[in-house]
Amino acid sequence: MGAPPLRIWVGSDHAAIALRQAIVRHLRSGGHSVDEVGPQAGERSDYPDAAEAVARAVAEGRADRGVLVCGTGIGVSIAANKVPGIRAALVHDPVTARLAAEHNDAQVLCMGGRLLALEYAVDLVDVWLQTAFEARHQARLDKITALEAGS
Ligand code: RB5
């Protein structure tokens, strides 16, 4: 059974346009409502721009989830995690994609378009979407929230 339809924002910089477009196509074909942020082929853009747009959409409740890709996934994950309330996880394989949901309840998934094959990365999105958060980890997330609040 597939994941229930969600509002998902997908963003990239110029280094991961092909992966962004593959993810958008895949999510739309799965029935999700998708907003796309980022440059077209031949254009350049800085990864914090897409990261901010996607992370703010999630933090403000305009999106249920976000997916961000840049060359390595590092830049977008650093930037997205600056937006209060966002848990953006950089994942590389099915194990980290699963644990990002199961342990960290990451609402934003980050990947490297220069590191992963397209189909492999698209599969990681499915793994993440189809994995439920395990409530036994909630106390750790509460500590992250407290850290962010400066308490
Ligand atoms: C852009 O060249 C590259 O630095 C960016 O896509 C990303 O990998 C940064 O973390």
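The values are calculated or read from the model by the stated rules, or taken from the named source; none is laboratory data. As the structure is a prediction and not an experimental result, all values here were calculated from the model. Backbone-built Cβ (ideal geometry, glycine too); neighbour counts: all protein chains shown. For accessibility, only protein heavy atoms count, side chains too; no ligands or nucleic acids. Shrake-Rupley method; radii C 1.70, N 1.55, O 1.52, S 1.80 Å.
Criterion applied to Arg44, Arg56 was being over 20 Å from Pro4 (Cβ atoms), within 10 Å of the ligand (Cβ to nearest atom), out of contact with any strand residue (DSSP E or B) (no Cβ under 6 Å at 6 or more places or on another chain) and open to solvent by 30 Å² or more (accessible area, probe 1.4 Å), and the one residue passing it is Arg44. Pairing each residue of segment 95-117 that is in contact (Cβ under 8 Å) with a residue 24 or more places away in the chain with any residue that is hydroxyl-bearing (Ser, Thr, Tyr) and within 15 Å of the ligand (Cβ to nearest atom), provided the two are 6+ apart or on different chains, yields C-beta distances under 7 Å for Cys110/Ser77; Gly112/Thr72; Gly113/Ser12; Arg114/Thr72; Leu115/Thr72. Note on segment 1-41: among residues that are more than 13 Å from the ligand (Cβ to nearest atom) and among the basic types (Lys, Arg), the one that is surrounded by the most Cβ atoms within 10 Å (Cβ to Cβ) is Arg7. Comparison of Gly85, Gly66, Gly113, Gly73 shows that the only residue that is within 18 Å of Val24 (Cβ to Cβ), open to solvent by 10 Å² or more (accessible area, probe 1.4 Å), small (Gly, Ala, Ser) and at pLDDT 95 or above is Gly113.
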